[in-house]
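See below for the structure under consideration.
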Amino acid sequence: MNYQELRAFALATPNMGELNQLLGALKAISDLTAGTDNYEDCFLLPNGAATLADVKDPFYFSAYKNFEAYYAEASKLLDVFMAKTDIVPQIFVTAYTQGLNTAAAENVDMLCKAVKTYYKKNKLGPVMTAVLTSRVHKYKFVDLINVPKHLMTFKSRIRLLQDKKLRKRTLVTIGTINNFSLKTVKEKHKAFTKLLNGFKKKGEFAEWREKFERYLKAQKKAVICLGGRVDGVEIVFDVNYAKKLWADAERLTQAGFGVVIVNGPRTPNDVTDFLYEKALGNPSIIFHNCKRIAEDDSDRTPQRWRIYSGKYEKEFAELLKIGNIYPAVLGFDNTIVAHTMDSYSSCETANAALPTAISSNGLYIDPAMRYDCLNLQQLLCPKYAIDWDEFVNFACNMRIEPKDLNPQILSNPLRVFAETAVNRLNMLTKG
């Protein structure tokens with residue numbers, strides 16, 4: 001098989017973590033096969049979206065009455081996609097949505113069934129389907145199952161040992177497939193520095209720049225990255241936990257740190273509002289909104305809770321020109337990045353050899369439903385990351401700095417995934 005003729009594609013999602021996983025997988029396959037660099041062209045865009053940024057709602061099988069209704073819509077998306085591509089892709093990648101629990105596996109399987117059905121009906125040849133960051137499931141229409149180690153239980157390990165066919169389809173990795181690297185951080189940091197200089201020359205964002213310049217003068221820095229809630233009740237990410245994180249941030253500033261706090265798509269509006277208000281009164285702590293902001297009333301609904309619709313829409317909209325400062329702020333020397341335990345982003349920064357911490361104290365996570373979050377913390381700490389509370393105490397009482405930490409680098413599974421995906425496609429083609 002000629003690798004240069006191989007292409008991969010995926011279904012776009014508004015879930016940022018899953019989108020980054022998909023981008024990482026597509027880039028890894030493209031690097032292996034000398035494919036396209038325009039990754040946006042590799043996505044099916046649901047619900048009339050013209051670009052990745054336009055996607056606001058996921059395309060889940062669970063939202064449809066039956067497979068026929070779901071496939072009818074999926075085939076329309078595939079028709080549009082195939083009309084624009086010059087090479088029919090032979091690898092399809094999707095991501096498992098952890099917050100959906102019981103519906104997640106069926107959503108993945110029915111999406112892959114729809115893709116395989118479309119290829120068969122249109123005589124497009126074989127297509128290899130893969131799912132990222134999945135739990136162990138006996139899918140019917142998925143050819144390659146990526147299961148990070150922290151998503152495995154004792155029962156699932158036994159299941160893999162006993163089921164030879166399932167084991168052959170499963171790729172176990174330490175950490176997640178992701179679209180993150182030290183190179184990315186440096187590129188974003190360089191662009192961000194240039195942007196700051198441009199604002200200074202034009203006299204724009206004077207108040208924001210004054211506060212950020214104070215942050216730059218700090219010899220040691222901490223970036224706190226917030227995860228958030230999910231659709232269910234298994235994660236309680238509330239203002240009480242935000243108060244704990246704020247107290248940590250204040251302690252660090254008293255020890256000479258500059259602190260930046262950034263939210264994410266899953267961060268609740270009330271937590272965002274609380275931390276933004278608190279940061280307004282502290283010159284050493286910056287809160288920067290990284291959530292998409294509501295554009296109209298259709299975005300201000302319970303279903304679109306991943307879009308910000310709190311008290312400060314106007315203020316955040318005025319800062320849109322600055323953009324998302326993460327991960328650019330990780331490019332400054334002597335910086336530690338802290339992730340809340342519900343987030344898989346700790347894998348990304350540990351992969352990139354950045355000093356990484358995981359915060360768990362004060363955050364409630366149901367251990368039966370989201371054992372993956374607990375497993376990930378145990379997997380990463382203390383070998384690849386440090387417990388956040390431990391770091392704060394060391395920093396404040398013993399003057400330990402981020403540069404004093406010496407974590408091991410978490411291996412990146414991108415190359416292994418790409419090679420396994422291509423090999424799996426070869427097996428399907430021969431079989």
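Report yes if GLY17 is under 30 Å from SER309 (Cβ atoms), among the small types (Gly, Ala, Ser) and open to solvent by 20 Å² or more (accessible area, probe 1.4 Å), otherwise no. Walk me through it before giving the result.
Numbers: under 30 Å from SER309 (Cβ atoms): yes; among the small types (Gly, Ala, Ser): yes; open to solvent by 20 Å² or more (accessible area, probe 1.4 Å): yes.
Yes.
Residues that are open to solvent by 20 Å² or more (accessible area, probe 1.4 Å) and modelled with pLDDT of 95 or more: list the strands (runs of 3 or more DSSP E) wholly contained in segment 103-190 that include at least 1 such residues. Let's see the steps before the verdict.
On the way: elements: 128-132, 144-148, 170-173.
In segment 103-190, 170-173 are the strands (runs of 3 or more DSSP E) which contain 1 or more residues that are open to solvent by 20 Å² or more (accessible area, probe 1.4 Å) and modelled with pLDDT of 95 or more.
Of the numbered conditions (1) touching a residue at least 24 places away in the same chain (Cβ under 8 Å); (2) open to solvent by 30 Å² or more (accessible area, probe 1.4 Å); (3) assigned to a loop (DSSP other than H, G, I, E, B), GLU295 satisfies every one except a single condition; which is it?
(1)
Out of all the residues in segment 308-339, which are surrounded by fewer than 14 Cβ atoms within 10 Å (Cβ to Cβ) and touching a residue at least 60 places away in the same chain (Cβ under 8 Å)?
LYS321, ASP333
Looking at PRO46, PRO89, can you tell me which residue is open to solvent by less than 10 Å² (accessible area, probe 1.4 Å), farther than 17 Å from LEU132 by Cβ and in a loop (DSSP other than H, G, I, E, B)? First the steps, then the outcome.
Working: PRO89 fails: farther than 17 Å from LEU132 by Cβ.
Exactly one residue qualifies, and that residue is PRO46.
Show the residue pairs meeting these rules: Cβ distance below 7 Å; 6+ apart or different chains; first residue within segment 398-416 and open to solvent by less than 70 Å² (accessible area, probe 1.4 Å); second residue in a loop (DSSP other than H, G, I, E, B) and of a type in the set (Ser, Thr, Tyr).
PRO407/TYR384; LEU410/TYR384
List, please: which pairs have Cβ atoms under 8 Å, are six or more places apart or on different chains, and start with a residue in segment 203-217 that is in contact (Cβ under 8 Å) with a residue 60 or more places away in the chain and more than 21 Å from PHE257 (Cβ to Cβ) and end with one that is open to solvent by 50 Å² or more (accessible area, probe 1.4 Å) and not acidic (Asp, Glu)?
GLU204/LYS321; PHE205/LYS321
Quick check on this structure: which one of LEU144, LEU132, LEU151 is within 24 Å of PRO367 (Cβ to Cβ), in contact with a strand residue (DSSP E or B) (Cβ under 6 Å, 6 or more places away or on another chain) and of a type outside the set (D, E, K, R)?
On the way: LEU144 fails: within 24 Å of PRO367 (Cβ to Cβ); LEU151 fails: in contact with a strand residue (DSSP E or B) (Cβ under 6 Å, 6 or more places away or on another chain).
Residue meeting the stated conditions: LEU132.
Would you check if PHE67 is under 25 Å from SER343 (Cβ atoms), in contact with a helix residue (DSSP H, G or I) (Cβ under 8 Å, 6 or more places away or on another chain) and either touching a residue at least 12 places away in the same chain (Cβ under 8 Å) or surrounded by 15 or more Cβ atoms within 10 Å (Cβ to Cβ) (or both)?
Values: under 25 Å from SER343 (Cβ atoms): no; in contact with a helix residue (DSSP H, G or I) (Cβ under 8 Å, 6 or more places away or on another chain): yes; either touching a residue at least 12 places away in the same chain (Cβ under 8 Å) or surrounded by 15 or more Cβ atoms within 10 Å (Cβ to Cβ) (or both): yes.
Here the answer is no, as PHE67 does not meet what is asked.
The values are calculated or read from the model by the stated rules, or taken from the named source; none is laboratory data. Please read all numbers here as calculations on a predicted model, not as lab measurements. Positions of Cβ are backbone-derived with ideal geometry, glycine not excepted, and every protein chain shown enters the neighbour counts. These area figures cover heavy atoms from the full protein model, side chains too; ligands, DNA and RNA do not enter into them. Shrake-Rupley method; radii C 1.70, N 1.55, O 1.52, S 1.80 Å.
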